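What follows is one structure encoded as structure tokens, with my remarks underneath.
The values are calculated or read from the model by the stated rules, or taken from the named source; none is laboratory data. Predicted model only: the values in this text are computed from it and were never measured. Don't worry about glycine lacking a Cβ; one is built from the backbone with ideal geometry, like all the others, and counts go over all protein chains shown. Side chains included, ligands, DNA and RNA excluded: accessible areas come from the protein's heavy atoms. Shrake-Rupley method; radii C 1.70, N 1.55, O 1.52, S 1.80 Å.
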Amino acid sequence: MARVVLIGGSGHIGTYLVPRLVEAGHHVVNVTRGRRAPYLPHRAWQAVETVTADREAEDRDGRFSARIAGLAPDIVVDLVCFTLPSAQALVEALQGRVQQFIHIGTIWVHGPASVVPTPEEAPRRPFGAYGEQKAAIEASLLDRARRDGFPATIIHPGHIVGPGWAPLNPAGHFNPEVFAAIARGEVLTLPNFGLETVHHVHADDVAQMVMRAIGHWGVATGEAFHAVSSGALTLRGYAEAMFRWFGHEPRLAFLPWDAWAAGQDAAEAHTTYEHIARSPNCSIRKAERLLGYAPRFTSLEAVQEAVVALGLAEHAPPAA
């Protein structure tokens, strides 16, 4: 089995990926800042080799990529790369020294959708520093894969959901009070007509995608894949489903964007704008065809599990 180095493996995805890797027989090295325990305990973590490193600081003085190469990985899974220079330095250090390199990107590389569900080959029109940097990283990695044979695979998750953290809610931000208000049967006001979309994915399904990319490395190399649930949700449809899950008929109101945003916390309104201005709705047909990807959780199932696990509302029913 392979020696797999995870960069940032103690977070959302790593919580589920580490047990999958260990149970598959791989030796796992987790490179972490050491500030976070996995969201869920698992005996597999006892077999993990841990390396403490501050990527940002070590990138500044050029030590980080050499540190990763020095760990002698067969496979590197980079879960926390956010800038093109960091990605490029790592590629230079690992060229000719790894069997596979998996970069975790984001569906925000697409920017506003033109066709839905959006396929991976759709033209990139990202906006905002995060999406723009991730798109630049993707382009660079795929170019190196095609020009120099660098064994890169890019996985683009949607809005990651799982027990232990608040999910993106039907109002398009992360305040758990939205779920509590729905549970109480209160009126929820949404922006516009509530027809913008969000596209969740359970963290375990992202981990599944990584495992499938490793298992199908020949077809995964040089490719990008969406890791999302089987279907995006409109804000309205999401809200209606959550009302019914809590045993209430939906009680929704709608306001034009400016009026809606004026009545919200400014930071939360900004978060909502960031999500609905993109309104992602991504296809998984490529991953289904080439990797056999089959998400275990629908968007609603993933959200409902997280709501129950966090105790965000009293008398929550069992997760679907």
Rounded to whole Å², per residue accessible area for the chain with a 1.4 Å probe reads 42 Å²
Share antiparallel - DSSP beta bridges, the chain, percent rounded to 5: 5 percent
Relative contact order for the chain: what percent, with Cα pairs under 8 Å and sequence separation of 6 or more? 19 percent
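With a ≥ b ≥ c the root eigenvalues of the C-alpha gyration tensor of the stretch 255-313, is it rounded (a/c under 1.5), prolate (a/b larger than b/c) or oblate? Don't skip to the end; give the middle numbers.
Working: a/c = 3.93, a/b = 1.59, b/c = 2.47.
Oblate, since a/c reaches 1.5 and b/c is not below a/b.
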Sequence-distant or interchain residues sharing an amide H contact under 5 Å with T118, placed H: which? N281, C282, S283
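Can you tell me the length gained on complete extension of the stretch D148 to E186, counting 0.36 nm per residue apart and subtracting the Cα distance? Write down the numbers at each step before the final one.
Details: separation 38, 0.36 × 38 = 13.68 nm, distance 5.75 nm.
Using 0.36 nm per residue and subtracting the Cα-Cα distance, I get 7.9 nm.
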Which of the peptides 66-75, 228-237 is most tightly packed, and how do the rest follow, going by the mean number of other Cβ atoms within 10 Å of each residue? 228-237, 66-75
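Tell me, what % of the accessible area of the chain is carbon and sulfur with a 1.4 angstrom probe? Please report the intermediate quantities before stating the final value.
Working: 7140 of 13540 Å².
Summing carbon and sulfur atoms, their accessible area is 53 percent of the total for the chain.
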Only helical DSSP H runs with n ≥ 4 go in: add -39500 (n - 2.57) per run for the chain, normalise by residue count and round the 222 nm mean residue ellipticity to 500 deg cm²/dmol. -11500 deg cm²/dmol
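Order the peptides 105-114, 243-252, 210-219 from the highest to the lowest mean number of other Cβ atoms within 10 Å of their residues. Write down the numbers at each step before the final one.
Details: 105-114: 20.4, 243-252: 14.9, 210-219: 17.9.
The peptides rank, most packed first, as 105-114, 210-219, 243-252.
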Can you list, bin by bin at 20 Å, the percent of alpha carbon pairs in the chain, starting at 0? 32, 56, 12
Taking a ≥ b ≥ c as the square roots of the Cα gyration tensor eigenvalues, with a/c under 1.5 meaning rounded and otherwise prolate when a/b beats b/c, else oblate, which class fits the stretch 59-109? oblate
Simple spin-label estimate for R289/A277, 7 Å along Cα→Cβ, in nm, reads 3.3 nm
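Can you give the extra length, in nm with one decimal, that the chain gains between L195 and E56 once fully stretched, where that is 0.36 nm per residue apart less the Cα-Cα distance? Don't jump to the answer; show the numbers that get you there.
Numbers: separation 139, 0.36 × 139 = 50.04 nm, distance 3.87 nm.
So the extension gain works out to 46.2 nm.
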Apply the a/c threshold of 1.5 to the C-alpha gyration tensor of the stretch 213-320 and tell me whether it is rounded, prolate or oblate. oblate
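Kindly give the semi-axes, whole Å and largest first, of the ellipsoid equivalent to the stretch 1-68, taking each as the square root of 5 times a Cα gyration tensor eigenvalue. Don't skip to the answer; put the middle values down first.
Details: eigenvalues 97, 38, 13 Å².
So the three semi-axes of the stretch 1-68 are 22, 14, 8 Å.
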So, for the Cα atoms of the stretch 13-169, Rg and Dmax in Å stand at 16.4, 46
